[in-house]
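Just below is one structure, and these are the notes that go with it.
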C-alpha cells in the first residue's frame, strides 16, 4: 500500500506540473515573477501562528535551514529576515521563524534568481520575511507534553521575549525539552544464511530519548552611523538509548547502552551601514566552541565491549561585504571571509577491559581557510535577471597525532544564473556552477558504533568537487497555485565514499591485510555523476470543495553512479536516496477559530557499500495529523497525532566472505533488524502577550 501512495505523490506532482502549462487554468495576471510578494491576507484562511507557518505555506517554496558546515558562506539557508541573514549559526532558521508571530509579519517576498538589495546566499530561490515596523514589547510562553507508544512522557517549555530599551531592541529566549528518537522501536532481529534460511530469530527492544536545552539572547542598536547586532547562544543536546536484543538462547543475547552529549556555545556580531543609496558595508564576526562525547557499551552474551569518543572543536570567523549599486537594476557584492578551525579527537575501545587498537584514535586537526568572492546581479529587462559570481577558496588542513597530514587547496568556484519571466505566470531559470564540498573533520578520526561497525580516519582525503547544470520551470496559476519542475545534472570529481583501509603499515592491500587491521574509511574513489528530477505542486483546494485549504506535494528522483573501489563495478553512491516524496494539507476552519492538517513523508531507502558488507536502511511512511484551536488572538491550543502509520526503520546488513573484492566472494549472512516506532500524541499550548 505504501508504494502506491508514494508513487501517487510523484505522479500527481508531475501531472500538475504539466497541467499547469495550460493557459485555460490561469486567472488574471499576478505581480512580476522575479519578486512575488505575499501579504498576510494570502495566509489568513490557513490561520498561521508564526512566520514559520507562513513560510511553509509559500507556493513553490521549500524551507532550507542551511548546512552544518564551517564558515558562513555555505551554512546559509534560503530565508532572510528583513533582508538580512542571522549573525549566528547555532540559532537555526526554523527556530528564528517560530519566534516571529504571524501578526508581526508585514509581507513575505519570494525572490527567484536575484534582485537588487537581496543577498541570494548562493540559492536560486530565497524568501525574505519583512516584519512590521514599530514592534513593541512582546512575550511568548509555550508548553508541550507528549506520550509515546510505550508510555514514555516527554515535555517542552518555551519562553521568548523582546523589548525596547531606548533605541536598542533586546531579544531573549529559553527552550527546554525532551523528545524520543523515532529511529528506534520494537521489532524482530533476524539472521539468515546465504540461502535465506533463518539461523537466529530474536526480539529487539530499542528506545532512545534526546534533550534540547537552549538559551539565546540578542541586542540590536544604532551604532557608528549604522546598525550593530550582537547574538549569543548556548545549546546542550544530551542523548541516551538502550537496545536490548532478547534471544531464547543466552549465547545470542545483546544489550547496548549508548550515551551522547554535545554542548555548543556561540557569540556573533553583525554591523551594517549604508553610505548613501549606492554603497553599503556588512561586517560579521563569530566565535563558536563545542564539545562532543559518546560512550557505547555493548554486552554481547557476556562479552563486554566499550567504545568511547571525545571531541573538542572551535571555530572563529570574520567576514566583510561591500555592496555597490552603480546603476538602476545593477548590484555588485564583493567580500572576504577568513576562518580558523580546530578539532581534537580522542577514542578508546576495550574488550573485556583489554585495549583494542583503533586507527586514528588521537587526532588534532587544524584548518585555516579564506575565501574571496564577488557577485553581480543585473536586472537586464523587467523579464530577465542575470546573476554571475566567482568565489575562490584557499585552505590549509593539517592533522597531527595518529594521523599526520598537511594539505593545501585552492578552488575557484564560478557561478551563473539566468532567470527569464516572459509573463507574470511563467518563469524559466538556468544555473551553471562549480561546487566544492567541505571536508568533515570527522573524516580524519575514527567513528562508528559497536553495534553498527567502526570506521577508520583518512588523512589523505581531498574535497569532492562537481560541475552542475540546473534548469527549472515554474508556473503560477489559479489564485495561489504553483507548479515547478527542476532538472539537475552533476559531473562529480574525487567522490567521497567508503573504501577499504588497512591499519597495519604493511601490507596495505585488502587481500593481504590481517582481518583485525581492516576497516572502512572515507576516501576519494574517483569520478561519477548524479541526476535529479524534482517536481512540486502547491494547490489551493477551494475548487476541490475544501474551502480555505492548501495542498502541497513534492517529490525528487535521484540517479547516481560511481565505480566501486572494492569490485571495480559501477554502482550508486552511498547514502543517496533514490526517491523522496512528501505531501502536506492544511485547512482553515474560520467558523471554529481553528485549522487542521495532515503531513505525509514517504518511505526512503539508502545504501552504504563497505569492503565486506552492504548496509541498507529503509525508513517507513510517516503520517501526522493535527488540529489547532485559537479561542482568542494570541492563544493557541494544538493537538497532534504523530507517526500514525507506526513507521519502521529496517536495517539490513549483508555480509560477504571473504571480502566483496575477492574472486569467488559470495554472500554468507544477512543481519536484518526492523524496529517499529509507534504513534505519539502531543498537546501544545502557546500564549503571546503584546
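Nothing in this text is a laboratory measurement; each read-out follows from the coordinates by a stated rule. What you see is a predicted model; the values in this text were computed from it and never measured. Cβ: placed from backbone, ideal geometry, glycine included. Neighbour counts: every protein chain shown.
With an 8 Å Cα cut-off and a minimum separation of 6 or more residues, compute the relative contact order for the chain in percent. Don't skip to the answer; put the middle values down first.
Details: 1941 pairs, mean separation 83.8, N = 690.
Reported relative contact order: 12 percent.
Which of 35, 681 comes first, and how do the rest follow, when ranked by fewest Cβ neighbours within 10 Å? It would help to have the intermediate numbers written out before the result.
Values: 35 19, 681 14.
The fewest-first ordering by Cβ neighbours comes to 681, 35.
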Legend entry - Ratio of Rg to Rh over region 374-507 (Cα coordinates, Kirkwood Rh, two decimals): 1.16
Legend entry - Part-to-part distance (alpha-carbon centres) for region 632-690 and region 384-416, which is given in Å: 35
Inset, instruction - Give the relative contact order (percent, whole number) for region 521-591; include only Cα pairs under 8 Å separated by 6+ residues. - result: 32
Legend entry - Size of the chain as Cα extents on the principal axes (Å, biggest first): 69, 55, 53
Legend entry - Gyration tensor verdict on region 99-200 (Cα atoms; rounded if a/c is under 1.5, prolate if a/b is larger than b/c, oblate otherwise): oblate
Inset, instruction - Between the alpha-carbon centers of region 265-283 and region 545-623, tell me the distance in whole angstrom. - result: 39
Inset, instruction - Mind running the shape call on region 157-261? Use the C-alpha gyration tensor, a ≥ b ≥ c as the square roots of the eigenvalues: rounded below 1.5 for a/c, prolate if a/b tops b/c, oblate otherwise. - result: prolate
Inset, instruction - Determine Rg/Rh for region 507-577; Rg is computed over alpha-carbon atoms and Rh is the Kirkwood hydrodynamic estimate from the same atoms. - result: 1.36
Legend entry - Ranking of 629, 656 by count of other Cβ atoms within 10 Å, fewest first: 629, 656
Legend entry - Over region 478-611, relative contact order from alpha-carbon pairs under 8 Å, at least 6 apart, %: 23
Legend entry - the chain: antiparallel DSSP beta bridges as a percent of all, rounded to 5: 100
Legend entry - Segments 163-174, 141-152, 337-348 sorted - mean Cβ within 10 Å per residue, highest first: 337-348, 141-152, 163-174
Legend entry - Protection proxy ranking of 351-361, 603-613 - average other beta-carbon atoms within 10 Å, highest first: 603-613, 351-361
Inset, instruction - Based on other C-beta atoms within 10 Å, arrange 409, 600, 477 from fewest to most. - result: 409, 600, 477
Legend entry - Helix 2-19 axis, angle to the chain major axis (alpha carbon atoms, nearest 10°): 30
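With N denoting the number of residues in region 543-688, provide Rg(C-alpha) divided by 2.2 N^0.38 Å, to two decimal places.
1.52
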